[in-house]
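*Asks:* Before I ask anything, let me first share the structure, which is written out below as structure tokens.
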Amino acid sequence: MTTPSLYPVPESIAQNALVNEEQYRKMYQESIVNPEGFWREHGQRIDWIKPFNKVRKVSFDDSNLFIKWFYDGTLNASQNCLDRHLQGKGDQTAIIWEGDDANEQRKISYAELHSDVCRFANALRSQGVRRGDVVTIYMPMVPEAAVAMLACARIGAIHSVIFGGFSPDSIAARCIDGRSKVIVTADEGIRAGRKIPLKANIDEALKNPDVNTIEKVIVLNRTGGDINWNDGTDVWWHDLMAVSSEYCVAEEMNAEDPLFLLYTSGSTGNPKGVLHTTGGYMVYASMTHEYVFDYKPGEIYWCTADVGWITGHSYMVYGPLANGATILMHEGVPNYPTPARLGEMVDRHKVNILYTAPTLIRALMAEGEEQFDNFDGSSLRIMGSVGEPINPEAWRWYNDVIGKDNCPIVDTWWQTETGGILISPLPGATDAKPGSATRPFFGVQPALVDNLGNLIEGPGEGNLVLLDSWPGQMRSVYNDHDRFVLTYFKTFRGMYFTGDGAKRDEDGYYWITGRVDDVINVSGHRLGTAEIESALVAHHDVAEAAVVGYPHDIKGQGIYAYVTLNHDLEETEELRQELRQWVRKEIGALATPDLIQWASGLPKTRSGKIMRRFLRKIAANEVTNLGDATTLADPSVIDVLIESRLNKT
Ligand code: WTA
């Protein structure tokens, strides 16, 4: 097999694409030289109730920080996703849904979606939800999840979606922090043939006495499974819908009014509530969706992300629906019941644009190409990747086996905090290099700095920062603005720090190398090592724990925990399994440690700080060149840890 390092834009794509190379350069230049004018023009792509005059007000100065976009305009996000399509696109399918069991299929037109959203918006109001209230959404991947989000947006409530894989404790923490008033959930979810006890998890979370703001729990009947019912708080979705009017005037929101919160992990403390506002987010999500995927009216677009993550917010709900797209939503996972499922779904629904994650690509790759012998794939035009660095082997496999060497791949780099894609090829403009997210989107100014904050010019490697704002940027950490300033703007003064490292090559292409902080990325899911450590030490047998990521063939990174047990306790296999289950219960299955190494001691400085770089290297099985251990209080612990390391691959 040949392994080219450059994949030029196919001629057929360049000719019909929204932008070609020359247009990209021109537009990018203009967006940097004249951001006011550029965004004044592109801000018009969404419908405003009251048009904006003021385009932007931005300062990244950590002592006087402000980020505002289109801030004297008013709008409603749900109106942009629904009402404005009714004329002309009312009968067009908005959502094609396929169940975990492929025999379950639904199609929902824009007119139907509009009606459902209006009715559910009225239902929320009938349960006491008002503008500015926080509504927690803990739902399976069913159209009602999008309905619930858009219904919140319609009445100016702030949604806080929690991924269905999170545990009762994680739900409780998010409800407490967000002071959420109402929860929307389902009896059970279904993923890969397994039932997920969503309502039972909510019941468990509500037992926590500190969760004291929830007034109602609205329950969708998805499986008809047996659930516990609390007469005082629980209400059926269908009972509310049956009596709700389908007429609901959309609230007029200021551009800077909150649209949603989404909790994400950082290097320290509990997950933080990333706050996104309305106007800038809608402009940015819709614009990036259109340009990065070169979306053309009538095309079928499939994003495999769960609504519980930012990708599900920006590129399954808000971006595509604002653009009047037809989206495919899948309840389950694309490699169940067999690895062929992904290809079958692409062919069944004639998917034109596919957006997925490297972890899935690697999992499919491991199953063997023959799984795709019957895959036609002729409908596919563009393919995207998101969530973690994509290794060139996986990129090529994606290109050859799924794309049949005929579909540009957009490797999109961004974060929960950025609201939308910041660095990515544009299909008609950017020659791709496997493994590189390539160049910035319009208005985005990435830069590399060394650890002292000095800018690195030309080709090089460093910490990835952004020098100026873009409309989709997060505005604050919910209820903790100081934490926002501290986390993102204090490390390197006057710049937004991403937490990622990157290289820039001679063509100015960016290659993301991964997190440089204590965040790990497991199958594209972000986790703070501190969260897992605090779950471990909450177990009565654990004295101390340190968690690091290590390279994992399928997941990108695996979770490696070093655990010191309380005095005299026996280090048994049984206890190891118990600790894995414990973390699973505390945070959720996605945080389960892959490897737990017993550690009688951890490498610490004399002042007691754990030296993680040693732990990372030992976990990665890189034990020949560990570096200077003389600053450790007891250098001998290193040898003991090396000796009993678990990842001797
Ligand atoms: C990583 C997901 C390399 C990165 C949208 C970032 C990536 C973190 C890519 C954000 C990519 C995301 N190449 N790394 N194309 N996309 N990442 O908040 O480390 O869940 O900081 O947002 O994922 O994860 P989050």
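*Asks:* Just how many % of Cα pairs in segment 50-117 lie over 13 Å apart, if you round to the nearest whole percent?
*Replies:* Taking all Cα-Cα pairs of segment 50-117, the fraction more than 13 Å apart is 74 percent.
*Asks:* While we're here: Around ASN451, under 13 Å between beta carbons, what's the net of Lys plus Arg minus Asp minus Glu among the other residues?
*Replies:* Charge balance in the 13 Å sphere: -3.
*Asks:* Mind pulling the per residue volume of the convex hull built on the Cα atoms of segment 361-444? Å³ is fine.
*Replies:* Once divided by residue count, the hull of segment 361-444 is 98 Å³.
*Asks:* For segment 348-502, what does the relative contact order come out to in percent, with C-alpha contacts under 8 Å and a separation of six or more?
*Replies:* Dividing the mean separation by the residue count of segment 348-502 yields 16 percent.
*Asks:* Please state the shape class of segment 129-230: rounded when a/c is under 1.5, otherwise prolate if a/b exceeds b/c and oblate if not, all from the C-alpha gyration tensor.
*Replies:* Taking the square roots of the gyration eigenvalues as a ≥ b ≥ c, segment 129-230 is oblate.
*Asks:* Quick query: amide H of MET611 versus all other amide H atoms, modeled in the peptide plane; which residues come in under 5 Å with a sequence gap of 5 or more or a different chain?
*Replies:* Amide H neighbours of MET611, under 5 Å, 5+ apart: LYS604, THR605.
*Asks:* If you take every DSSP beta bridge fully contained in the chain, what fraction is antiparallel? Give it as a percent rounded to 5.
*Replies:* Percentage antiparallel, nearest 5: 60.
*Asks:* What does the net charge come to around ALA145 if you take all other residues with beta carbon closer than 12 Å to its beta carbon, with K and R at +1 and D and E at -1?
*Replies:* For residues surrounding ALA145, the net value is -3.
*Asks:* Hey, what's segment 220-331 come to in accessible area per residue, 1.4 Å probe, Å²?
*Replies:* Ligands and nucleic acids excluded, the figure is 29 Å² per residue.
*Asks:* Could you calculate the contour length gain from ASN406 to ASN621, that is, 0.36 nm times the residue separation minus the distance between their Cα atoms, to one decimal place in nm?
*Replies:* Full extension of this stretch gives 73.6 nm more.
*Asks:* Something else: Assuming R0 = 45 Å, can you tell me the calculated FRET efficiency for the pair LEU646 and GLU370, based on Cβ-Cβ distance, to the nearest 0.05?
*Replies:* 0.85
*Asks:* Ok, one more. Tell me, what ³J(HN,Hα) does each residue in segment 525-536 have, in order and in whole Hz, if you take phi through Karplus 6.51 cos²θ - 1.76 cosθ + 1.60 with θ = phi - 60° and put x for Gly and Pro?
*Replies:* The phi angles translate into 9, 7, 9, x, 4, 4, 5, 5, 4, 6, 5, 5 Hz.
*Asks:* Using 1/(1 + (r/R0)^6) with R0 = 25 angstrom and r between the beta carbons of LYS107 and ILE49, what's the FRET efficiency to the nearest 0.05?
*Replies:* The formula returns an efficiency of 0.25 here.
*Asks:* Can you give me the three principal axis dimensions of segment 48-185 from its C-alpha atoms, in Å, biggest first?
*Replies:* 56, 45, 29
*Asks:* Explain nothing, just the number: dipole magnitude of segment 217-267 about its Cα centre with +1 on each Lys and Arg Cβ and -1 on each Asp and Glu Cβ, in debye rounded to the nearest 20.
*Replies:* Charge dipole, segment 217-267, about its Cα centre: 260 debye, nearest 20.
*Asks:* Next question, about the same structure. Which residues in segment 1-23 have a backbone N closer than 18 Å to a point placed 7 Å from the Cα of ASP507 along the Cα-to-Cβ line?
*Replies:* 2-15, 19-23
*Asks:* Per DSSP H run of n ≥ 4, the term is -39500 (n - 2.57); total these for the chain, divide by its residue number, and report the mean residue ellipticity at 222 nm rounded to 500 deg cm²/dmol.
*Replies:* -8000 deg cm²/dmol
*Asks:* What ³J(HN,Hα) values, in whole Hz, does the Karplus curve 6.51 cos²θ - 1.76 cosθ + 1.60 give for segment 337-351 when θ = phi - 60°, with x put for Gly and Pro?
*Replies:* x, 9, x, 6, 3, 4, x, 4, 5, 4, 5, 4, 9, 6, 5
*Asks:* With label points built 7 Å along Cα→Cβ from the Cα atoms of ALA192 and THR605, find their separation and express it in nm.
*Replies:* Modelled inter-label distance: 4.1 nm.
*Asks:* Quote the relative contact order of the chain in percent (integer), defining contacts as alpha-carbon pairs under 8 Å separated by 6+ residues.
*Replies:* 13
*Asks:* Restricting attention to segment 457-503, which trypsin sites (Lys or Arg not before Pro) occupy a DSSP loop and are surrounded by at most 16 other Cβ atoms within 10 Å?
*Replies:* LYS490, ARG493
*Asks:* Right, here's the next one. Around ARG125, what is the net charge, scoring Lys/Arg as +1 and Asp/Glu as -1 over all other residues with Cβ under 14 Å from its Cβ?
*Replies:* Counting the neighbours of ARG125, the net charge comes to +2.
*Asks:* Identify the residues of segment 375-407 with backbone N under 15 Å of a label point that sits 7 angstrom from the Cα of SER5 along the Cα-to-Cβ direction, or state none.
*Replies:* Only 392-393 pass the distance filter.
*Asks:* Length gain on complete extension for the stretch GLN87 to GLN15, per 0.36 nm per residue less the alpha carbon to alpha carbon distance?
*Replies:* Result for the pair: 22.9 nm of gain on full extension.
*Asks:* Taking 7 Å along the Cα-to-C-beta vector as the label spot, tell me the GLU41-GLU252 distance in nanometres, rounded to one decimal.
*Replies:* 3.0
*Asks:* Hey, another quick one. Amide H neighbours of ARG222 under 5 Å, counting only residues 5+ apart in sequence or on other chains, H built in-plane at 1.01 Å?
*Replies:* Close amide H contacts, sequence-distant or interchain: ASP187, GLU188.
*Asks:* Under the √(5λ) rule applied to the eigenvalues of the Cα gyration tensor, what semi-axes describe the equivalent ellipsoid of the chain? Give them in Å, descending.
*Replies:* Whole-Å semi-axes of the equivalent ellipsoid: 36, 31, 26.
*Asks:* Which value, in Å² and to the nearest 10, is the accessible area of SER167 when all protein chains are kept and the probe is 1.4 Å?
*Replies:* 10
*Asks:* What Cys residues in the chain are without a partner cysteine, judged by a Cβ distance under 4.7 Å?
*Replies:* Result for the chain is CYS81, CYS152, CYS175, CYS303, CYS407, no neighbouring Cys Cβ within the cutoff.
*Asks:* A further question follows. Count neighbours as other Cβ atoms within 10 Å of each site's Cβ, and list the trypsin sites (Lys or Arg not before Pro) in segment 517-618 that are DSSP loop with at most 12 such neighbours.
*Replies:* ARG606, LYS609
*Asks:* When the dipole is taken about the Cα centre of the chain, and only Lys, Arg (+1) and Asp, Glu (-1) are charged at their Cβ, what size is it in debye, to the nearest 20?
*Replies:* Roughly 1340 debye, rounded to the nearest 20.
*Asks:* Still on this structure: For segment 121-180, what is the charge dipole size about the Cα centre, in debye to the nearest 20, if Lys and Arg each add +1 at the Cβ and Asp and Glu each add -1 at the Cβ?
*Replies:* Dipole of segment 121-180, to the nearest 20 debye: 280 debye.
*Asks:* Testing the spin-label approximation: label points 7 Å from Cα along Cα→Cβ at GLU570 and LEU65. State their distance in nm.
*Replies:* Label-label distance for GLU570 and LEU65, simple model: 5.1 nm.
*Asks:* Once you treat every alpha carbon in segment 505-544 as an equal point and sum by Debye, what is log10 I(q)/I(0) at q = 0.18 Å⁻¹?
*Replies:* -0.65
*Asks:* Whose amide H sits under 5 Å from the amide H of GLY558, counting only residues 5 or more places off or on another chain, with H placed in the peptide plane?
*Replies:* TYR550, HIS552
*Asks:* Take the solvent-accessible surface of the protein heavy atoms, probe 1.4 Å, and return the percent of it on segment 163-268 that carbon and sulfur atoms account for.
*Replies:* Within segment 163-268, the accessible surface is 46 percent carbon and sulfur.
The values are calculated or read from the model by the stated rules, or taken from the named source; none is laboratory data. On a predicted model such as this, the values are computed, not experimentally measured, just so you know. Using ideal geometry, Cβ is built from the backbone for each residue, glycine included, and neighbour counts are taken over all protein chains shown. Each accessible area value is taken on the protein alone, full model and side chains, heavy atoms only, with ligands, DNA and RNA left out. Shrake-Rupley method; radii C 1.70, N 1.55, O 1.52, S 1.80 Å.
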